[in-house]
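Student: My structure is below; once you've seen it, I'll send some questions.
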Amino acid sequence: MAGILVIIIVAAGVYYKMVYATPNAKAVRQLTRGKNEEQKKVIEYFTRQGCLVKTMSDAEYLDLITKKRDSLNLRDKAISRIGLDEDEIKEISPIRLEGPVFKNAYSKKMDNGKFTSSRYQVTWIFFSKTQVHLYTYTFDMDEDKKQESTEEYFYQDVTSFTTSNMTETAKYMDGQVEKTREVETSKFKMVVPGDQMLVAMDGDVQSAEESIQGMKSMLREKKSQQ
């Protein structure tokens with residue numbers, strides 16, 4: 001009996017050293033100070049390392065993003081911020097583009113080979129008779145941080161709707177050291193004279209591409225009427 005007790009104590013000590021006493025574990029504890037429980041789990045998902053370490057799964061993290069996005073009621077918020085009513089935005093159906101934003105955010109390569117990040121962006125695009133309206137909302141999963149913006153342009157001022165592949169500098173944890181890496185991502189790009197709008201669209205690229213084709217057709221039709 002005493003021998004079994006010794007084995008249990010030794011095993012517990014080894015487990016503690018491998019899970020809670022590593023340099024990575026100590027660094028992560030510093031990062032999670034002052035965070036709520038969900039934010040702690042998100043930070044651990046992106047930064048905890050070790051063979052015995054267990055964090056949430058990729059599917060669980062993506063589900064958290066979806067739940068937060070849906071709880072924000074961004075379509076209604078967008079219409080309110082833009083100042084239009086439903087009857088004014090029926091030229092074509094409103095379009096939602098979304099995806100992770102990697103710049104200055106934590107990144108992780110998921111089991112499916114794709115990267116995700118601790119920052120997420122949703123853009124609603126509305127079309128009135130004379131203008132295109134964009135509402136963009138960006139939120140962080142690891143802290144209480146958000147950013148929202150609205151833009152509107154007359155159709156005659158829009159040069160093109162297109163997609164663009166680009167790289168962003170994201171953060172990741174290597175042991176106890178925070179490092180950076182370049183992550184490739186897809187963006188929706190709206191070009192106007194002297195400026196361009198870039199928003200995330202890595203969520204459902206195929207659906208986004210179909211929506212963009214619809215926008216291109218609508219823009220050609222509007223310009224031909226001028």
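The values are calculated or read from the model by the stated rules, or taken from the named source; none is laboratory data. This structure is a prediction, so every number in the text was calculated from the model and none was measured. All Cβ positions, glycine included, derive from the backbone under ideal geometry; neighbour counts span all protein chains shown. Ligands, DNA and RNA are stripped out before the accessible areas are found, and what is left, the full protein with its side chains, is counted by its heavy atoms. Shrake-Rupley method; radii C 1.70, N 1.55, O 1.52, S 1.80 Å.
Student: In percent, how large is the relative contact order of the chain, given Cα pairs closer than 8 Å and 6 or more residues apart? Please report the intermediate quantities before stating the final value.
Tutor: Numbers: 356 pairs, mean separation 39.3, N = 226.
Relative contact order of the chain: 17 percent.
Student: Rounded to the nearest percent, how much of the accessible area of region 76-137 (1.4 Å probe, protein heavy atoms only) is carbon and sulfur? Before the final figure, lay out the partial values.
Tutor: Details: 1210 of 2810 Å².
Solvent-exposed carbon and sulfur of region 76-137 make up 43 percent of the total.
Student: What trypsin sites (Lys or Arg not before Pro) in region 120-178 are in a loop by DSSP, with at most 15 other Cβ atoms within 10 Å of the Cβ?
Tutor: Numbers: sites: LYS129, LYS145, LYS146, LYS171; in loops: LYS129, LYS145.
Those that pass, being in a loop and sparsely packed, are LYS129, LYS145.
Student: Please give the contour-minus-distance gain from ASP157 to ASP87: 0.36 nm per residue of separation, less the Cα-Cα distance, rounded to one decimal in nm. Each step should come with its number before you reach the end.
Tutor: Details: separation 70, 0.36 × 70 = 25.20 nm, distance 2.31 nm.
Computed gain between ASP157 and ASP87 is 22.9 nm.
Student: Match the structure shown to one of the listed values (i) 20.8; (ii) 18.3; (iii) 20.0 of Kirkwood radius over Cα pairs in Å, computed from it, and give that label.
Tutor: So the structure-derived entry is (iii).
Student: How far, in degrees from 0 to 90, does helix 205-224 lean away from the longest principal axis of the Cα atoms of the chain, to the nearest 10?
Tutor: Taking the Cα atoms of the chain, the angle to 205-224 is about 20 degrees.
Student: I need the calculated FRET efficiency for the pair ASN73 and GLU210, taking r as the beta carbon distance and R₀ as 25 Å, to the nearest 0.05.
Tutor: Numbers: r = 25 Å, r/R0 = 0.98.
The formula returns an efficiency of 0.55 here.
Student: Could I have the simple spin-label model distance between ASP174 and LYS129, label points 7 Å from Cα toward Cβ, reported in nm to one decimal?
Tutor: 5.9
Student: If you plug each phi of region 130-145 into the Karplus form 6.51 cos²θ - 1.76 cosθ + 1.60 with θ = phi - 60°, what whole-Hz ³J(HN,Hα) values come out, in order, with x for Gly and Pro?
Tutor: 10, 9, 10, 10, 10, 10, 10, 10, 10, 9, 9, 8, 9, 7, 7, 9
Student: If the cut-off is 19 Å between C-alpha atoms, which lysines fall inside it for LYS145, apart from same-chain ones fewer than 8 positions away?
Tutor: Filter leaves LYS35, LYS40, LYS41, LYS67, LYS68, LYS77, LYS103, LYS171.
Student: Here is the link list: LYS108/LYS189; LYS54/LYS189; LYS146/LYS216. Which ones come out longer than 27 Å on Cα distance? All intermediate terms of the calculation are to be shown ahead of the outcome.
Tutor: On the way: LYS108/LYS189 25 Å; LYS54/LYS189 39 Å; LYS146/LYS216 30 Å.
Beyond 27 Å between Cα atoms: LYS54/LYS189; LYS146/LYS216.
Student: Could you work out how far helix 58-71 tilts from the main Cα principal axis of the chain, as a 0 to 90 degree angle to the nearest 10?
Tutor: On a 0 to 90 degree scale, this one is about 50.
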